[in-house]
Amino acid sequence: MKAAVLTFPGSNCDRDLAVSFEQAGAQVHRVWHKDTALPEGIDVVAVPGGFSFGDYLRCGAIAAQSPIGAAVRAHAARGGYVLGICNGFQVLTEMGLLPGALMRNAGLKFICKPVGLKVATTNSAYTNAYTAGQEITIPVAHHDGNYSADAQTLAKLQDEDRIAFTYTDNPNGSANAIAGILSENRRVLGMMPHPERASEVSHGGTDGSVLFRSLTGALALA
């Protein structure tokens with residue numbers, strides 16, 4: 001599997017994300033936001049956490065308009081996989097690759113701690129190595145992680161089994177305790193928690209490493 005990990009000014013999880021992919025067996029290419037094309041043969045584009053462009057305007061809004069953005073949209077349009085984590089999730093909603101928006105946390109404070117998640121679906125390349133309903137622990141670190149969408153969108157996500165993860169104890173006010181969602185073709189995943197920060201024993205847990213192994217395994221069989 002070939003993974004492209006993007007970097008924007010203000011990204012701070014790009015290296016961690018690259019390491020997690022490498023540990024899962026992927027060949028990783030680092031891509032700068034001013035590049036206009038992805039490396040040839042890329043299977044998955046990973047948009048990391050951080051504070052791209054200082055979170056000016058709206059979180060992820062400027063990053064979504066970066067030169068590399070057109071290549072990411074084209075990759076998704078032809079059925080490529082895209083993973084957005086934390087700020088990356090915000091970027092994907094700003095790009096229009098996922099519905100809804102990430103708003104200010106309900107408590108109006110930055111949250112940084114391990115949280116419990118429930119695996120809401122295993123019907124995706126990202127989650128099929130988990131067990132449906134499995135509870136895992138993954139860290140969060142965000143100020144604008146409150147997932148919001150209109151009632152019709154929320155119902156569609158539920159009806160189409162596109163909610164990937166939910167919080168066991170909602171930390172930020174997200175609608176329906178949503179922590180991660182999938183695109184209609186199930187190949188784009190956006191999630192606020194950081195699986196790359198729970199990928200080694202030294203991190204205090206390895207629940208996040210399953211996501212990367214799941215994706216690598218699914219693409220190896222494709």
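A crude spin-label estimate for the pair SER148 and ASP169, with each label 7 Å from Cα along the Cβ direction, gives 2.6 nm. Over the C-alpha trace of segment 112-188, radius of gyration and Dmax come out as 12.1, 31 angstrom.
Stokes-Einstein diffusion for segment 1-125, with the hydrodynamic radius set to the Kirkwood value over Cα pairs and evaluated at 25 °C in a medium of 0.890 mPa s, equals 163 µm²/s. Take the Cα of GLU135, step 7 Å toward its Cβ, do the same at LEU219, and the gap between the two points is 3.3 nm. Result for the chain in a Gaussian network model with C-alpha springs under 10 Å: among SER202, SER148, SER20, the largest mean-square fluctuation is at SER202. Taking all C-alpha pairs of the chain, those more than 33 Å from each other amount to 6 percent. Here LYS109 and VAL201 are evaluated by their C-beta separation; at R0 = 41 Å the FRET efficiency comes out at 0.85. Quick one: of the DSSP bridges fully inside the chain, what percent are antiparallel, nearest 5? Beta bridges within the chain, antiparallel portion: roughly 55 percent. Debye sum, Cα scatterers, segment 13-62, no solvent: what log₁₀ I/I(0) at q = 0.15 1/Å? Each listed q corresponds, in turn, to -0.49. Each principal axis of the Cα cloud of segment 92-147 was evaluated for its coordinate range; sorted largest first, these ranges are 33, 28, 13 Å.
Diffusion coefficient of segment 59-156 by Stokes-Einstein, Kirkwood radius over Cα pairs, 20 °C, 1.002 mPa s: 142 µm²/s. Solvent-accessible surface of protein heavy atoms, probed at 1.4 angstrom with all chains present, puts VAL47, VAL210 in the order VAL210, VAL47, largest first. Would you work out the relative contact order for the chain, in percent, from Cα pairs under 8 angstrom that are 6 or more residues apart? This gives 20 percent for the chain. Computed 3J(HN,Hα) for segment 161-174, one whole-Hz value per residue from the Karplus formula 6.51 cos²θ - 1.76 cosθ + 1.60 where θ = phi - 60°, is 6, 9, 8, 7, 9, 10, 7, 6, 9, 3, x, 9, x, 3, glycine and proline marked x. Among HIS143, HIS203, the order of accessible area from largest down is HIS203, HIS143, computed with a 1.4 Å probe on protein heavy atoms.
Distance from the C-alpha centroid of segment 187-218 to that of segment 44-109: 18 Å, rounded to the whole angstrom.
Only the Cβ atoms of Lys and Arg (+1) and of Asp and Glu (-1) were treated as charged; on that basis the dipole of the chain about its Cα centre amounts to roughly 200 debye.
The values are calculated or read from the model by the stated rules, or taken from the named source; none is laboratory data. What you see is a predicted model; the values in this text were computed from it and never measured. With ideal geometry, Cβ positions are generated from the backbone for all residues, glycine too; neighbour counts draw on all protein chains shown. With ligands, DNA and RNA removed, areas are computed over all heavy atoms of the protein, side chains included. Shrake-Rupley method; radii C 1.70, N 1.55, O 1.52, S 1.80 Å.
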